[in-house]
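Take a look at this one; I'll ask things after.
The values are calculated or read from the model by the stated rules, or taken from the named source; none is laboratory data. Everything quoted here is computed from the prediction, not taken from an experiment. Virtual Cβ from ideal backbone geometry, glycine too; neighbours counted across all protein chains shown.
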Amino acid sequence: MATTVHILLSLFTFLLSLSSLYLPSLSSLDSLVYVGCSQIKYNPDSPYESNLNSLLTSLVNSATYSAYNKYTIMGPIPQDSLNGLYQCRGDLSMPDCATCVTRAVSQLGTQCPQTCGGALQLQGCFVKYDNTTFLGVEDKTVVLNKCAPSVGYDAEEMNRRDAVLGSLVGAGGPYRVGVSGDVQGVAQCVRGFEYG
């Protein structure tokens, strides 16, 4: 009996430690990947600022029940109209999605103060707003995030990188994960930029 309990306890501990490898922590979801801000600024207390606050509130509220959403807020003049969207990583729970979007919106406020457009990618979610039309328009922006220091050319490491990239390209579905040795990769299509 004691042996069975010991085995079950060991198995439970092992499974618990394995699950922690696959469950994202909130701190990892908050890690900044990319931020970009428009050069155009809006005036404080303007209709644009009011519309932006409404848009960002809608994004945060929607993230409690949906992993993706997009909104358009029409202003009294075309320059005061806004488009916005968010998308959470495919493996996040709704509470983690909502937390991530809330934190991304908060960071946009400090990273892109009084700008007419901003895009912010955290590890767990992506948020974008702008007063130019981007919904339904192909996004040709190139974003590169290098997560580790360069260690020079290592053929074995490059082969693992290529294996991960190949698995991401060849996998099905909008959210993809690839691993080869110590090289990890994640890819996710961002909705809202579809065209054609």
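Kindly indicate which of SER20, SER54 is at pLDDT 85 or above and polar (S, T, N, Q).
Details: SER20 fails: at pLDDT 85 or above.
So the residue among SER20, SER54 that is at pLDDT 85 or above and polar (S, T, N, Q) is SER54.
Also: Can you find even one residue in segment 152-162 that is in contact with a Gly (Cβ under 8 Å, 6 or more places away or on another chain), modelled with pLDDT of 75 or more and within 30 Å of TYR42 (Cα to Cα)?
no
Now for a separate question. Kindly establish whether THR132 is out of contact with any Cys (no Cβ under 7 Å at 6 or more places or on another chain) and at pLDDT 80 or above.
Considered against the rule, which asks whether it is out of contact with any Cys (no Cβ under 7 Å at 6 or more places or on another chain) and at pLDDT 80 or above, THR132 comes out as yes.
Any chance you could count how many residues in segment 60-76 are in a loop (DSSP other than H, G, I, E, B) and under 16 Å from THR99 (Cβ atoms)?
Residues in segment 60-76 being in a loop (DSSP other than H, G, I, E, B) and under 16 Å from THR99 (Cβ atoms): 5 in total.
Go through segment 90-129 and give me each residue that's hydrophobic (A, V, I, L, M, F, W, C) and closer than 15 Å to ALA63 by Cα.
LEU92, MET94, CYS97, ALA98, CYS100, VAL101, ALA104, VAL105, LEU122, CYS125, PHE126, VAL127
Quickly run through segment 100-124 and pick out the residues that are farther than 16 Å from LEU55 by Cβ and touching a helix residue (DSSP H, G or I) at 6+ places or on another chain (Cβ under 6 Å).
Once the filter is applied, which keeps residues that are farther than 16 Å from LEU55 by Cβ and touching a helix residue (DSSP H, G or I) at 6+ places or on another chain (Cβ under 6 Å), segment 100-124 yields CYS100, LEU122, GLN123, GLY124.
While we're looking at this one, here's another question. Check whether at least one residue in segment 61-76 is farther than 30 Å from ALA187 by Cβ, at pLDDT below 90 and surrounded by 15 or more Cβ atoms within 10 Å (Cβ to Cβ), and report yes or no.
The initial filter retains those residues of segment 61-76 that are farther than 30 Å from ALA187 by Cβ, namely 73-76.
If we keep only those that are at pLDDT below 90 too, we end up with 75-76.
The next check asks that each one be surrounded by 15 or more Cβ atoms within 10 Å (Cβ to Cβ); those that pass are 75.
Yes - at least one qualifying residue is present in segment 61-76.
Which condition from (1) part of a helix (DSSP H, G or I); (2) surrounded by fewer than 18 Cβ atoms within 10 Å (Cβ to Cβ); (3) of a type in the set (Ser, Thr, Tyr) is the one that THR99 breaks?
Checking THR99 against (1) part of a helix (DSSP H, G or I); (2) surrounded by fewer than 18 Cβ atoms within 10 Å (Cβ to Cβ); (3) of a type in the set (Ser, Thr, Tyr), the one that fails is (2).
While we're here: Please tell me if TYR34 is in a strand (DSSP E or B) and either under 21 Å from VAL186 (Cα atoms) or under 14 Å from the mean Cα position of the chain (by Cα) (or both).
yes
Among the residues of segment 98-116, are any within 30 Å of ASP182 (Cα to Cα) and of a type in the set (Val, Ile, Thr)?
Yes - at least one qualifying residue is present in segment 98-116.
If we keep just the residues of segment 163-176 that are small (Gly, Ala, Ser) and surrounded by fewer than 15 Cβ atoms within 10 Å (Cβ to Cβ), which is modelled with the highest pLDDT?
GLY166
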